[in-house]
Amino acid sequence: RAKSEGIGQIVRYSGSIGTETRERIRLLHELKGAFAAHKLFLVFQPQYMMPERKIFCCEALLRWKNDEGEFIPPDTFIPLAEQAGLIVPMGIWILRSALAALKTIHQAGFPDIKIAVNVSAVQMRHQDFLSELDLALEETGIDPRHLELEITEFISIIGIDNVLHLLNEIRSRGISLAIDDFGTGYSSLASIDKWPIHRIKIDKSFIKHLDDAEEKARLVDLLISLADRLSLNILAEGVETQSQFDRLLELGCQEIQGFLLSTPLGLEDLIRLLQKGVADAC
Ligand code: C2E
Ligand code: MG
Ligand code: MG
Ligand code: MG
């Protein structure tokens, strides 16, 4: 039986890989076109400080709406851009656009707001990364202390010595660093104390079951005490429900980001939200 079906199976198997590869090539081609035609854009999700519920930072998130009007999620197209090296020019554009948006926010009367920008390891290990970073700050006139870079534990693929050198260079400019999706990588607890970072972002998978799984709550509790021991700020991302929110406050987490408080917004909507905050406080 196995023998007689063998060939058919191989054909079907390689056939499906072929389709997938073709689909990825098509998507990458479309992405390159969209980037060249300036069709990518950023949205901004507020990060809140508790208990004041004050917005202190906004995370820039990349959006791509294709010609059919469908949103392609960044989790789908960023890995493609990384594999093709497209993330390098794209990352420079993201940084510049995010800083330009921050300038608009500051000029609208909110000069203390910071911006957090996601950077991929592929982008950071490029030799021009630091000089591009300096150039973008210089050209927009943004104080480096208003910029935070969100990295993930994947950054360790560039080797621990290189990472430390790079992160120290970034930090010496006054830029802050956050570890994103914390708890999903493998190196987390072992090396976290050696990294020159300012903030840990607890991955949303931990927050999701905070209400219904006691072991998740224990893990979050552990991460909060770890951050406290290391004098790091800790932010919970992906907070969707009031009970998750209440539980996080109970556990001592003071920085919250998630749909419960605000979805990612266009720049104008974000500024309106900031203005509303001021109005409400009066
Ligand atoms: P991330 O940096 O961890 O971003 C958080 C993701 O969670 C965002 O998804 C955001 O829209 C989503 N989110 C926020 N609040 C909630 C919530 O309450 N519930 C749920 N379920 N989700 C929430 P998004 O925008 O689809 O981005 C996905 C990932 O793509 C990001 O994860 C980041 O790793 C990557 N990414 C996005 N923009 C960029 C970028 O400009 N550069 C790079 N290198 N990566 C980016
Ligand atoms: Mg992020
Ligand atoms: Mg994250
Ligand atoms: Mg992520």
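FYI, it's all coordinate maths here, none of it is from the lab. These numbers were taken from a predicted model, which means no experiment stands behind them. Heads up, the Cβs are rebuilt from the backbone with ideal geometry, glycines too, and the neighbour counts pull from every protein chain shown.
Placing +1 on each Lys and Arg Cβ and -1 on each Asp and Glu Cβ, with no other charges, gives the chain a dipole about its Cα centre of roughly 540 debye.
When both bridge partners sit in segment 51-190, DSSP labels roughly 15% of those beta bridges antiparallel. For the Cα trace of the chain, dividing Rg by the Kirkwood Rh returns an Rg/Rh value of 1.01.
Shape analysis of segment 21-107 yields a ratio of the Cα radius of gyration to the Kirkwood radius, Rg/Rh, of 1.06. In units of the compact-protein estimate 2.2 N^0.38 Å, segment 13-66 shows a Cα radius of gyration of 1.85.
Partner lysines whose Cα lies under 17 Å from the Cα of K39, excluding those fewer than 8 positions away in the same chain, are identified as K65.
Exposure here means at most 15 other Cβ atoms within 10 Å; with chymotrypsin sites (Phe, Trp or Tyr not before Pro) in a DSSP loop as sites, the longest stretch of the chain lacking them is 1-185.
Every helix of 4 or more DSSP H residues in the chain counts as -39500 (n - 2.57), and over all residues that averages to -16000 deg cm²/dmol at 222 nm. Per the Cα gyration tensor, segment 153-227 maps to an equivalent ellipsoid with semi-axes of 26, 12, 10 Å, ordered largest to smallest. Working note: Debye formula, equal point scatterers on the alpha-carbon atoms of segment 141-282, no solvent; log10 I(q)/I(0) at q = 0.15 Å⁻¹ is -0.86. In a simple Cβ point-charge model (Lys, Arg +1; Asp, Glu -1; nothing else charged), segment 103-186 has a dipole of about 140 debye relative to its Cα centre. Comparing Cα centroids, segment 120-146 and segment 234-282 end up 28 angstrom apart. Here segment 44-199 is described by how far its Cα atoms reach on the three principal axes: 41, 41, 33 Å, from widest to narrowest. With contacts taken as Cα pairs under 8 Å and at least 6 residues apart, the chain reaches a relative contact order of 16 percent.
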